[in-house]
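Notes to accompany the following structure.
The values are calculated or read from the model by the stated rules, or taken from the named source; none is laboratory data. As the structure is a computational prediction, the values presented were derived from the model and not from experiment. As a convention, Cβ positions derive from the backbone with ideal geometry for all residues, glycine included, and neighbour counts pool all protein chains shown. Surface areas here come from the heavy atoms of the whole protein model, side chains and all, with no ligands, DNA or RNA. Shrake-Rupley method; radii C 1.70, N 1.55, O 1.52, S 1.80 Å.
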Amino acid sequence: MKKLFIFAMCAMAMASCNEAARKAENQARAERDSLNQVIAQKDDEINDMMTTLIDIEEGFREITEAQNRVTLAKTGEGTNTKERIAENFQFIQSMMQQNKDLINKLKQQARESSIKGDKLKKVIASLQEQMEKKDQQIVEMQEQLELKNIHIGELKYELNSMKEDARALQSENDAQAKKLKDQEKQLNTAWFVYGTKDELKKQQIITKDGLFSKNKILQGDFNRDYFTKIDIRVDKEIKLYSKDAKILTAHPANSYKLQPDANKQLILRITDPQAFWSTSKYLVVQVK
């Protein structure tokens with residue numbers, strides 16, 4: 001009995017130890033997960049701020065390059081020089097505004113970040129100081145240009161006017177090109193139809209006595225939807241699906257051939273498209 005009691009007490013003690021161990025393990029896991037989450041959050045914050053910082057540095061580099069281009073352009077003369085100066089000034093002002101926005105973004109990221117430190121504040125302060133120096137450089141550059149009677153405001157107006165003229169000219173060129181393309185397409189468009197004598201009569205394509213006239217086809221009340229439109233530069237063969245065919249419209253005899261296929265059905269092969277369609281843009285073929 002005494003041994004049994006001792007055994008029970010030992011079992012209870014072991015169970016208590018195991019429970020305590022499980023609790024300790026769970027607590028350690030929770031603390032580890034929390035720590036990993038904090039580390040991941042800090043990594044994300046650092047990456048975001050580094051990306052913004054890289055964009056700012058790239059902006060400063062591009063601004064400096066544009067300043068150098070303006071400095072080189074100042075020694076030139078003529079409309080192209082003024083245009084280059086105006087374009088670079090517009091680019092500089094755009095990049096300056098972009099960098100100011102990025103620095104404000106970096107400040108906001110720093111305020112909301114869990115990372116606090118004097119080094120980050122010093123970096124932001126240095127960027128702000130660099131921005132102010134750039135502002136002063138741009139003002140001085142503008143003053144130097146105005147001493148040479150090169151006024152940025154006038155340059156911008158001239159540049160915008162030139163761009164408007166260029167856009168208007170491009171629009172006019174596009175419209176002219178489209179017009180020429182449509183005219184070319186129209187010049188190279190023809191229509192053909194083939195059918196039995198009765199079918200062509202029914203569509204009022206030929207007259208009652210079986211004769212066909214170009215003037216009548218252009219002026220008569222025939223069914224234009226019965227014709228097939230083609231591009232004479234591309235479509236040079238027309239299958240007639242008949243062993244007997246007669247061309248009713250006037251086309252030079254040496255500009256085409258009527259040849260049978262493997263099934264002895266005729267194919268109209270246009271050997272000289274320009275000559276063939278020179279007399280009429282309408283082709284009517286009577287088949288049996």
Inter-label distance, nm, simple model (7 Å from Cα along the C-beta direction), residue 196/residue 90: 7.1
Label-point separation in nm, residue 221 to residue 139, each point 7 Å along Cα→Cβ: 8.4
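Say R0 is 45 Å: what FRET efficiency, to the nearest 0.05, do residue 128 and residue 171 get from their beta-carbon distance? Let's see the in-between values first.
On the way: r = 45 Å, r/R0 = 0.99.
Efficiency at R0 = 45 Å is approximately 0.50.
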Sequence of 55, 225 when ordered by accessible area, the most exposed leading, probe 1.4 angstrom: 225, 55
Cα-Cα over 22 Å, subset of 202/236; 243/281; 201/288; 178/236: 202/236; 243/281; 178/236
Solvent-accessible surface ranking, highest first, for 119, 239, 281 at 1.4 angstrom: 119, 239, 281
Distance (nanometres) between label positions extended 7 Å along Cα→Cβ at residue 264 and residue 183: 5.0
Computed E for residue 97/residue 121 - FRET, C-beta separation, R0 22 angstrom, nearest 0.05: 0.40
Residue-count net charge about residue 177 - beta-carbon cut-off 13 Å; Lys, Arg +1, Asp, Glu -1: 0
Solvent exposure, largest accessible area first (probe 1.4 Å, DNA, RNA and ligands not counted), of 140, 45: 140, 45
